[in-house]
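The values are calculated or read from the model by the stated rules, or taken from the named source; none is laboratory data. Quantities reported herein were computed from a predicted structural model and do not represent experimental measurements. Virtual Cβ from ideal backbone geometry, glycine too; neighbours counted across all protein chains shown. Quick note on the areas: whole protein, heavy atoms, side chains included, nothing else; ligands and nucleic acids left out. Shrake-Rupley method; radii C 1.70, N 1.55, O 1.52, S 1.80 Å.
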Amino acid sequence: MAGSKEEFMVYNSMTRQKEIFKPKVPGKVGMYVCGVTAYALSHLGHARAAVNFDVLYRYLQHLGYEVTYVRNFTDVDDKIINRANEVGEDPLSLSNRFCQEYLKDMGDLQCLLPTHQPRVSDHMEHIKDLITQIINKDYAYAVDGDVFFAVEKFPNYGQLSGQRLEHNRAGERVAVDSRKRNPADFALWKSAKPGEPSWDSPWGPGRPGWHIECSAMSAHYLTFNFDIHGGGIDLIFPHHENEIAQSCAACQGSSVSYWMHNGHVTNNNEKMSKSLGNFFTISEITERYHPLALRHFLTSAHYRSPLNYTVSQLEGSSDAVYYIYQTLQDCEDALSPFQEGSLKEGTEKNDRTVKITPAAQECISKLHNEFETKMCDDLNTAHILTGAFQDALKLINSSLNVLKKKQQRQQQLLMIQSLVEIKKEVKELLNILGLLSSDTYSEVLQQFKVKALKRAGLVEDDVLDQIKERTLARKNKDFAKSDQIRAYLTTKGIALMDLGKETIWRPCVPAGEQPSLPNEQ
C-alpha cells in the first residue's frame, strides 16, 4: 500500500476548519503531544489520546514523512506532590513509577515509542532559561519568589480557545492572589514550600508552573516553529492557550501550524475523569479484554468526536478483531502448503508474477481507495474496518472454500496469488491502524480465548466438559438439552461451532445480560 495521492486534510483547532497538511520543512514533520501527569494509573481518556496520535504518527510515516514525535511526561506537579504526601513516598519516585506503568500500558496498546519522551525534572535549565527570556521581554514579573505571566501584555491571548480576558473571572477555579497584576495571570515559577521538591533559580528555590514545561520542551526538541501540537480537547484552555502566550513572548516568530485535539471519552455520556470517579484505568480494561479490542474501540469513532464507553461496544470490538485474526489464520493455514511449491513456481515462471482474479483486483483497489479517502479526511477512522474491509475478509473466506475444491493448476495459482495479495493489503491497513500484532495469529486468537474465559468466570475444562455433555445429548437425541447448553454458554460469551463431527468454541458477544467490569457492579 503506497502513500495516498489525495491531499491529507487535518482539522486545525486554531482556525476551526480543515486544512491541507503542509509541513514547514518538505518531507519532515515535527509533532508535540501533551502526555500524562504521572500521579496515578492512566485511564481510558489517556488511552484515547495516545492511540489517536499514534495513528497520526503511523499515517504520517506511511505517507513518507520523517516524523520527530515528542510526547512529554509531567513528573513535577501539585497532584504528584499531594499523592506522594498521602502515601508517604518521594514525589519523583512516585511519578517515575507511574511513568513506567504508562509505558507498559502504551506497549500493550501497540503505541509506537515517540522519538523523544522528555520529563520536566530533566529539563529544569531549559525551563528557567525560557522564563528568563519571557521576563527580559517584559511579559512576566517576579513577586516573592514566584514568577507570573502578564496576560494583558499579550494582545492575542484567547486566540485558540476564543476565551477573552474579561471572561476569566477571578476566584472561580483558583483562590485570588492579590500579588497578581491581573487575576488571569498564571504562574511560570512557584516558590518552594516546606517538604516539596525544589530547584534553585534566579528567583529563589522553587519549581515550574504546569504550562511553561511544554513550551520549554517543545522548543528544545522541535524549535519554536513546528508542525503539529496535539492533546485532549480539555487542554485547549488554559494549557495550550498559555503555551502559545509563553512561546510567542519568548520568540516573536514562534508558530505551530496545526493544533489538533481529540474528544473526551464519556461514560453514560458524562466525561470520564478521575475527579468524577467514573473512569476505568487502561489496566482494568486490558485485564479482561485484549488490548487490540480496546485499541479497535478507541479508533471506532472519529478522534474529534466524543466516544461513549459501554461494555457492549468493547464486546463488539473484541468480536470484530477475533474475526479478523481468525480469517488471517485460516488464510495462512490454507496457503502454507503452497508457499514453497506452487506459489514460488508461479511467481518465477517467465520471470513474471501470476495475475490475480478480477474480483481480487477490484477488492484491493476498493480497500485501498476507501482507506486512503477516509484517512486523508482528517484521520476518519470511524467505520474504516467496515465496508470494503469487511468485503475483503469475506472474499478471503469464500476464496478459501474455492481453494479446497479440485481445479486446474493455473486456476489454483490464480486463486493462491489473489489470496496472497488481498492478505497483504489487509495486513498493511491493520499495521497503519496499529492493529497488527507482532505475535502469531494463533497466539493472538489464544489470548482472546483466555480473556473470554476470564470474563465468563470459566476455565477451558469447564467449556470442554459442556461440549462433551452436549455431544452426548445430541447422540441421545436430547436436542432440548443440547440447545440449552449452547444457549447457556452463549450468555457467557462462548460460542460453540460444529465442524463435521467435531465441536470447537470461540469467543462471541454474550447474549442477554452483559458482564460488567468490577467497579460497574
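Checked across segment 282-301, the condition of being under 17 Å from the mean Cα position of the chain (by Cα), at pLDDT below 95 and not aliphatic (A, V, I, L, M) holds for no residue.
Looking across Gly88, Gly107, Gly30, one residue alone is touching a residue at least 60 places away in the same chain (Cβ under 8 Å) and of a type outside the set (Asp, Glu). It is Gly30. With respect to the stated conditions, His302 fails to be touching a helix residue (DSSP H, G or I) at 6+ places or on another chain (Cβ under 9 Å) and open to solvent by 10 Å² or more (accessible area, probe 1.4 Å). Return the residues of segment 331-365 that are more than 19 Å from Ile384 (Cα to Cα), modelled with pLDDT of 70 or more and open to solvent by 100 Å² or more (accessible area, probe 1.4 Å); say none if nothing qualifies. Result: Lys355, Pro358, Gln361. In segment 225-299, counting only strands (runs of 3 or more DSSP E) that sit wholly within it, the ones holding 2 or more residues that are out of contact with any Leu (no Cβ under 8 Å at 6 or more places or on another chain) and small (Gly, Ala, Ser) span 225-232, 255-262. Residue pairs whose Cβ atoms lie under 9 Å apart, separated by 6 or more positions or on different chains, with the first residue in segment 266-283 and farther than 17 Å from Ala47 by Cβ and the second crowded, with 16+ Cβ neighbours inside 10 Å and modelled with pLDDT of 90 or more, are Asn268/Tyr309. Checking each residue in segment 366-389 for being under 23 Å from Ala334 (Cβ atoms) and open to solvent by 50 Å² or more (accessible area, probe 1.4 Å) picks out only Lys366.
Summed over segment 70-85, residues that are buried (at least 18 other Cβ atoms within 10 Å of the Cβ) and in a helix (DSSP H, G or I) total 4. For Val33, are the conditions met, namely being open to solvent by less than 10 Å² (accessible area, probe 1.4 Å) and touching a His at 6+ places or on another chain (Cβ under 9 Å)? Yes; evaluated as a whole, the condition is true for this residue. Restricting attention to segment 246-266 and to residues that are open to solvent by less than 20 Å² (accessible area, probe 1.4 Å) and modelled with pLDDT under 95, the residue that is nearest to His229 (Cα to Cα) turns out to be Val265. Taken together, the residues in segment 83-125 that are polar (S, T, N, Q) and out of contact with any Pro (no Cβ under 9 Å at 6 or more places or on another chain) amount to 6.
Taking segment 246-258 as the search range and keeping residues that are in contact with a helix residue (DSSP H, G or I) (Cβ under 7 Å, 6 or more places away or on another chain) and touching a residue at least 40 places away in the same chain (Cβ under 8 Å), which one is nearest to Asp105 (Cα to Cα)?
Result: Gln246.
Checking the structure you have, find out if any residue of segment 451-473 is touching a Gly at 6+ places or on another chain (Cβ under 8 Å), surrounded by fewer than 16 Cβ atoms within 10 Å (Cβ to Cβ) and not assigned by the TED database to the domain that holds Ile282. Looking through segment 451-473, none of the residues is touching a Gly at 6+ places or on another chain (Cβ under 8 Å), surrounded by fewer than 16 Cβ atoms within 10 Å (Cβ to Cβ) and not assigned by the TED database to the domain that holds Ile282. Only one entry in His296, His302, His261 is closer than 30 Å to Val151 by Cα, touching a residue at least 60 places away in the same chain (Cβ under 8 Å) and not assigned by the TED database to the domain that holds Leu435, namely His261.
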